[in-house]
Amino acid sequence: PIVEFMTFNFALQAMDQIINSAAKTRYMAGGQMACPIVFRGPNGAAARVAAQHSHDFSAWFAHIPGLKVVMPATPYDGKGLLISSIEDNNPVIFIEHRWLYNIEGYVPEKMYRVPLGKATVLRKGKDLTIAASSYMSKEALQAADMLAASGVDVEVIDIRTLKPLDKETILESVRKTGHLIVADTGWRSVGFAAEVVSVVAEEAFADLKSAPVRITLPDCPFPTTHALTRYYYPRAIDLAVRAAEMLGLNEDKIPQEEQTDVPLDVPDKSFTGPF
């Protein structure tokens, strides 16, 4: 079965069924009974819908044993990961950021699968790693373009599956670059970005040349007005500036285009990831 929420904000009304029933069924049955179900729906901000309809609950769900959490960032992954989620014998939280819905990209008509628990490298680099999830993968690629103008070679990783987390791909990249920025669509405190930073600090501390950085939403409710959203949501320029600080670069050399409104209704259609 596929349970589709019109928006994941409404999943709050089903938390008991998701967390106390679906997530625990297999464990409480001693592995004798599976619970193959997908909870799917849009996540994140929409068009000025404010604090009650803009949540990002990905870190909440990733915290719960028994749930898998998937966040595709490209059209290709959207289909491939959804098929894998449906075929999985465990409950899967399949979160789609609203700002990605109008993005176009290559999607084969044939049946194919993208494996759960495997990140993808959207762009190879040697100077700095940006590990991003969902919509922030798009901003990470734009930040990489900005930094390339200053001679910085950025590696961009799309995490894709928050749980199970592909630690190996992230660690391999950080051991190569020595610098890490984690770009997350959730809040800062106790968020998923903090989990990735913890993994790297625990398992690749000796390879770090600087302290890891989290780029997230601030710890306050979502605003409604355009004036506030321009400062609430992190953008590519925020990633580029923090990267410059980490590498000791002059921020003035980073091409800083005029800040535009976040794509509340109609995102651009150019983000195709590696395809």
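The values are calculated or read from the model by the stated rules, or taken from the named source; none is laboratory data. Just so you know, these numbers come straight off a predicted model, no measurement behind them. No Cβ is skipped: glycine too gets one built from the backbone with ideal geometry, and neighbour counts run over all protein chains shown. Heads up: the accessible areas ignore ligands, DNA and RNA and are worked out on the full protein's heavy atoms, side chains in. Shrake-Rupley method; radii C 1.70, N 1.55, O 1.52, S 1.80 Å.
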Residue-normalised value, i.e. accessible area per residue, for the chain at 1.4 Å probe, in Å², stands at 46
Residue 34 and residue 88 label points (each 7 Å along its Cα→Cβ direction) are spaced in nm at 1.3
Over the range 104-161, the quotient of the Cα radius of gyration and 2.2 N^0.38 Å is 1.27
Under 16 Å by backbone N from the virtual spin label 7 Å along Cα-to-Cβ at residue 211, the residues of the range 166-185 are 179-182
Treating every alpha carbon of the range 134-226 as one equal point scatterer without solvent, the Debye formula yields log10 I(q)/I(0) values at q = 0.11, 0.17, 0.23, 0.26 Å⁻¹ of -0.34, -0.78, -1.31, -1.50
For the range 1-153, the accessible surface attributable to carbon and sulfur atoms (probe 1.4 angstrom, ligands and nucleic acids excluded) amounts in percent to 55
To the nearest 10 degrees, the tilt of helix 236-247 (Cα long axis) against the first principal axis of the alpha carbons of the chain is 60
Beyond 23 Å (Cα-Cα) in this structure, taken from 68/118; 68/110; 24/138; 24/163, we find 68/110; 24/138
Simple SL model, points at 7 angstrom along Cα→Cβ for residue 224 and residue 10; separation in nm is 2.1
Longest principal axis of the chain (C-alpha) makes with the long axis of helix 167-177 (C-alpha) an angle, in degrees to the nearest 10, of 10
Relative to the chain, whose Cα atoms define the longest principal axis, helix 192-203 and its Cα axis are tilted in degrees, nearest 10, by 80
Taking a ≥ b ≥ c as the square roots of the Cα gyration tensor eigenvalues, with a/c under 1.5 meaning rounded and otherwise prolate when a/b beats b/c or oblate if not, the range 1-128 comes out oblate
Calc'd 3J(HN,Hα), the range 180-189, phi into Karplus 6.51 cos²θ - 1.76 cosθ + 1.60 (θ = phi - 60°), Hz, glycine/Pro = x, comes to 9, 10, 10, 10, 10, 8, x, 6, 6, 5
At the level of C-alpha centres, the distance separating the range 121-137 and the range 3-58, in angstrom, is 27
Relative contact order of the chain (C-alpha contacts under 8 Å, at least 6 apart) in percent is 20
